[in-house]
Protein chains: 2
Amino acid sequence: MKFGVNYTPRAGWFHSWLDFDLDEVRRDFDAIATLGVDHVRVFPLWPVFQPNRSLIRPRALEQLSSVVEAAGERGLDVSIDALQGHLSSFDYVPAWLTSWHRTNMFTDEAAIDGTANYVRAIAEIGARHPNYLGTTVGNEVNQFASEPHPEPYRASVDEAGAWLDRMLAAAREGAPGHPAWHSCYDATWYLPEQPFTPQHAGQKGDATLVHSWVFNGVGQHYGPESFETKAHARYLIELSRAFHADPNRKVWLQEVGAPRNVLDAEQVDGFIRDTIAEAQGAPDLYGITWWCSHDVSRSLSDFPELEYELGLFDENGDMKPAGRAFAAAIAEAASATPDTPKTTLDAPAALDRRGELAPGGAFFDQFMAEARSNGYPSIRAI
Amino acid sequence: MKFGVNYTPRAGWFHSWLDFDLDEVRRDFDAIATLGVDHVRVFPLWPVFQPNRSLIRPRALEQLSSVVEAAGERGLDVSIDALQGHLSSFDYVPAWLTSWHRTNMFTDEAAIDGTANYVRAIAEIGARHPNYLGTTVGNEVNQFASEPHPEPYRASVDEAGAWLDRMLAAAREGAPGHPAWHSCYDATWYLPEQPFTPQHAGQKGDATLVHSWVFNGVGQHYGPESFETKAHARYLIELSRAFHADPNRKVWLQEVGAPRNVLDAEQVDGFIRDTIAEAQGAPDLYGITWWCSHDVSRSLSDFPELEYELGLFDENGDMKPAGRAFAAAIAEAASATPDTPKTTLDAPAALDRRGELAPGGAFFDQFMAEARSNGYPSIRAI
């Protein structure tokens, strides 16, 4: 099982692509390597890399390549997400998809083609390097399929699926032999109207990616120290497995973090420890990748308050107690063995019943009760 | 009277800020200087310069400074527009004003404050240099106050005026002793619902800026070789003077170009010659600045077709016939003397009657008939 962190550059956050400084990246990776992790997840900014539909900036690609190389020099593997897209409440969408050029990124052929070219180019950069893990289409691109994203990039379930197929194919063309993935925020699992579905998550791409954020209601509804909150990541892993068609398919807990809008400062370390302890026993787990490496600098404005405190390192580069808790937890988890579920629960597979799967929903509560009584059950989606 | 060009970088258009190369800028300015012009108008890209509300990138500012310096080395003065904002059909709005962070750029105090900081910083860069002309708040920022701009940055007339006051003050703080201007597209003159008004254009800032584009209906309605089309820039100059409170105020024809969606190839040179010949006699004319220096490269996608052919130089850097026509026209205009109007027409000053001022409107036609019969009249707005 892999352990890693989502790499949030200390100096300038992702705006550092505009002032690229490989020495800063190296310094950040030196720090990250001390956690004992084996990989980082890296995020280009889409409008910086592809400001015009037919301009994918060679220099930006070379800079990305140097980031992958710098990670490798420190023993770190790298996965790259292409379409950012959405990061920490901010949207970065190129001008060729907005305003006068507003078109549906999921259904317009020219937009799809331009986007696929970009995904392919990103994957090609990764594939140059021996420490490349694979390509994620983008960070929670399903965000753009619904409010509050003002550009109405709506799609039907079939259109969302077809778009994913195109993007995954582009990633595989760019990096043959490397996995191609796609990620989603949990509307996919919990919201009836979200066109990116559990079936897409569980069957497209080379593993299922799970992003677990307990500010989604679970922390508020059950309390920060509740079993449900600490088991939420594990629940999403088990739930996602229920939608697999391939019995050998893996699940990657690609994002999980300790948000301070539902956790008090003194609850963070325990949350990290317990979340990893609960998740580590999941069958078929590919890895756990913590969000995130570095706090957002207080010199940057307008982030939701919680985003300033998600780092394992602070904005000065010093390891926080959370970093030590994470390092200890993954050291312990490295020797974990997968659980053998004793029971199986049936979850509704129908898209319009996704509310039952969400925190506060009937199935969610059934799962948690079973987990507390008999250990984690497996789930069958019917 | 000043003559200049709007500087559209040959390599990479304004995306060249992402791959800044001062040698490319120098090469472009070498070419521009051969036209016989005395100044260039320069455009930062707002999200590149201020990606976060509290991050105005020092390196980008230094690059802008080096552009002003390079122009000076070639005998060219420089004006800078801060808020781009809108350029050639594309919108560049920072992520801190969109999606989750959507707020009204014209009325939200934090947004206004952040924007003013940026305008001030841009002006400060200009003021370092002896060849700095002054600061324009931004290129046609009034575009954002109406459709099709998807972010509803709507403002009342009073709010638009207050916003302009704030931005002009910021420009003056940044560059004391240098003029501060604001520009608008012609909705200000012609559309009843546009909150940036003729009174704002004619009374705020240190001159009135006019942008004349004959694709606004005049070319289509009256024909590409009509008097009305060739006199449109002059009309806007005269109309804008009608809204002046200061009798010594100047008008700057800051943008005028020869759009190929209403002009055939063989009509371009004549349009350039005649437009400048008609405009040059306007009283109180500060200058004429042609749009634009270089064609947009065909390697860049999604521009409206006309944008690929507006340059005085082609995408290889070679001067086009239009460049020669422009150079000849401004050489002749350099010795022009202002007309003395023989007559005065009364134009409606009421905002809801702006349609009468537009091409096809009653006042527009009255003006053109008078100009043909008796020479250009002056206009009184009542």
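Computed with a 1.4 Å probe on the full set of protein chains, the accessible area for B:Trp17 sits at about 20 Å².
Since only B:Pro283, B:Pro224, B:Leu306 are under comparison, the one whose Cα sits farthest along the positive direction of the charge dipole of chain B, derived from C-beta charges on Lys, Arg, Asp and Glu, is B:Pro283. Backbone amide hydrogens, once placed in the peptide plane, bring B:Ala282 within less than 5 Å of B:Asp339, excluding anything fewer than 5 places away on its chain. Name the residue from B:Val157, B:Tyr190, B:Ala171 whose Cα lies farthest towards the positive end of the charge dipole of segment B:93-241, charges +1 on Cβ of Lys and Arg and -1 on Cβ of Asp and Glu. Result: B:Ala171, furthest along the dipole toward the positive end.
How many Å³ per residue does the convex hull of the Cα positions in segment B:330-382 occupy?
Looking at segment B:330-382, the number lands at 103 Å³ per residue.
Could you tell me whether segment B:236-382 comes out rounded, prolate or oblate from its Cα gyration tensor? Rule is a ≥ b ≥ c as square roots of the eigenvalues, rounded for a/c under 1.5, then prolate if a/b exceeds b/c, otherwise oblate. Because a/c hits 1.5 or more and a/b exceeds b/c, segment B:236-382 counts as prolate.
Could you run the numbers on buried accessible area between B and A, total for both chains, 1.4 angstrom probe, in Å² to the nearest 100?
Numbers: alone 14220 and 14200 Å², together 25210 Å².
In total, chains B and A hide about 3200 Å² from solvent.
Mean per-residue shielding of peptide B:52-59 is 5, counting Cβ atoms of other chains within 10 Å of each Cβ. The charge dipole of segment B:136-193, taken about the Cα centre with unit charges on the Cβ atoms of Lys, Arg (+1) and Asp, Glu (-1), comes to about 220 debye, rounded to the nearest 20. Note on the protein assembly as shown: with charges restricted to the Cβ of Lys and Arg (+1) and Asp and Glu (-1), its dipole about the Cα centre is near 240 debye.
Would you mind giving the mean number of other chain beta-carbons within 10 Å of the Cβ of each residue in B:3-15, as a whole number?
Details: counts 0, 0, 0, 0, 0, 0, 0, 0, 0, 4, 3, 2, 8.
Mean inter-chain Cβ contacts per residue within 10 Å come to 1.
Straight Cα distances below 16 angstrom link B:Lys320 to the aspartates and glutamates B:Asp28, B:Asp30, B:Asp264, B:Glu266, B:Asp269, B:Asp295, B:Glu307, B:Glu309, with same-chain residues fewer than 8 positions distant left out. Which residues of segment B:92-118 end up with at least 40 Å² less accessible area in the presence of all protein chains than when their chain stands alone, using a 1.4 Å probe? Hits at the 40 Å² cut-off: B:Ala95, B:Ser99, B:Trp100, B:His101, B:Arg102. Any idea what the B:Val157 label distances to the other copies are, label 7 Å down the Cα→Cβ vector, nm, shortest first? Here the equivalent label points are 5.4 nm apart from this one. Computed 3J(HN,Hα) for segment A:339-354, one whole-Hz value per residue from the Karplus formula 6.51 cos²θ - 1.76 cosθ + 1.60 where θ = phi - 60°, is 5, 10, x, 8, 9, 10, 10, 9, 9, x, 8, 5, 4, 7, 9, 4, glycine and proline marked x. Long hydrophobic helices in chain B: the complete DSSP H runs spanning 20 Å or more by Cα along their own axis with mean Kyte-Doolittle hydropathy of at least 0.0 are B:109-127.
Over segment B:20-178, with the other protein chains present, what is the accessible area per residue in square angstrom, probe 1.4 angstrom? Spell out each step's value before the answer.
Working: 4820 Å² over 159 residues.
Result: 30 Å² per residue.
Volume per residue of the convex hull around the Cα atoms, evaluated for chain A, comes out as 124 Å³.
A point 7 Å from Cα along Cα→Cβ stands in for A:Ser66, and the other copies hold the same point at 1.5 nm, listed in rising order. Classify segment A:51-97 from the C-alpha gyration tensor, please: rounded if a/c falls under 1.5, else prolate or oblate depending on whether a/b exceeds b/c. Since a/c reaches 1.5 but b/c is at least a/b, the shape of segment A:51-97 is classed as oblate. Between amide H atoms placed 1.01 Å from N, distances below 5 Å from B:Leu209 occur with B:His182, B:Trp252, all of them 5 or more places distant or on a separate chain. Under 5 Å from the amide H of A:His294 lie the amide H atoms of A:Thr8, A:Leu312, A:Phe313, each residue being 5 or more positions distant or on a separate chain, with H modelled from the backbone and absent for Pro and chain starts. Per the Cα gyration tensor, segment A:144-188 maps to an equivalent ellipsoid with semi-axes of 24, 11, 9 Å, ordered largest to smallest. Taking only protein heavy atoms and a 1.4 Å probe, the accessible area of chain A is 48% carbon and sulfur. Modelled spin labels at B:Thr107 and A:Ala169, positioned 7 Å past Cα toward Cβ, are 4.7 nm from each other.
In the full protein context, segment B:248-366 carries 39 Å² of accessible surface per residue, based on a 1.4 Å probe and ignoring ligands, DNA and RNA.
For a Förster distance of 60 Å, can you work out the FRET efficiency between the beta-carbons of B:Arg154 and A:Thr34, rounded to the nearest 0.05?
Working: r = 51 Å, r/R0 = 0.85.
So the FRET efficiency works out to roughly 0.75.
In summary, the lysines within cross-link reach of B:Lys204, defined as a Cα separation below 26 angstrom excluding same-chain residues under 8 places away, comprise B:Lys2, B:Lys250. Classify the protein assembly as shown as rounded, prolate or oblate from the Cα gyration tensor: take a ≥ b ≥ c as the square roots of its eigenvalues, call it rounded if a/c is under 1.5, otherwise prolate when a/b beats b/c and oblate if not. Prolate, because a/c is 1.5 or more and a/b exceeds b/c. Label-to-label distance for A:Arg59 and A:Phe215 is 3.4 nm, based on points extended 7 Å past Cα in the beta-carbon direction.
For segment A:218-353, with only Lys/Arg (+1) and Asp/Glu (-1) charged at the beta-carbon, what is the dipole magnitude about the Cα centre, in debye rounded to 20? Don't skip to the end; give the middle numbers.
On the way: 12 positive and 23 negative charges, 103 e Å.
Once rounded to the nearest 20, the dipole reads 500 debye.
For the pair segment A:306-356 and segment A:153-214, the centres of their Cα atoms are 20 angstrom apart.
Distances between equivalent label points of A:Pro192 across the copies, with each point positioned 7 Å along Cα→Cβ, amount to 4.5 nm, shortest listed first. Placing R0 at 45 angstrom, the Cβ-Cβ distance between B:Phe227 and A:Glu225 gives a FRET efficiency of 0.05 after rounding to 0.05.
The values are calculated or read from the model by the stated rules, or taken from the named source; none is laboratory data. In this text the structure is predicted, and so the values were computed from the model without any measurement. Cβ sites come from the backbone with ideal geometry, for glycine too, and all protein chains shown count toward neighbours. When the accessible area is computed, the model is the full protein with side chains, heavy atoms only, and any ligands, DNA or RNA have been set aside. Shrake-Rupley method; radii C 1.70, N 1.55, O 1.52, S 1.80 Å.
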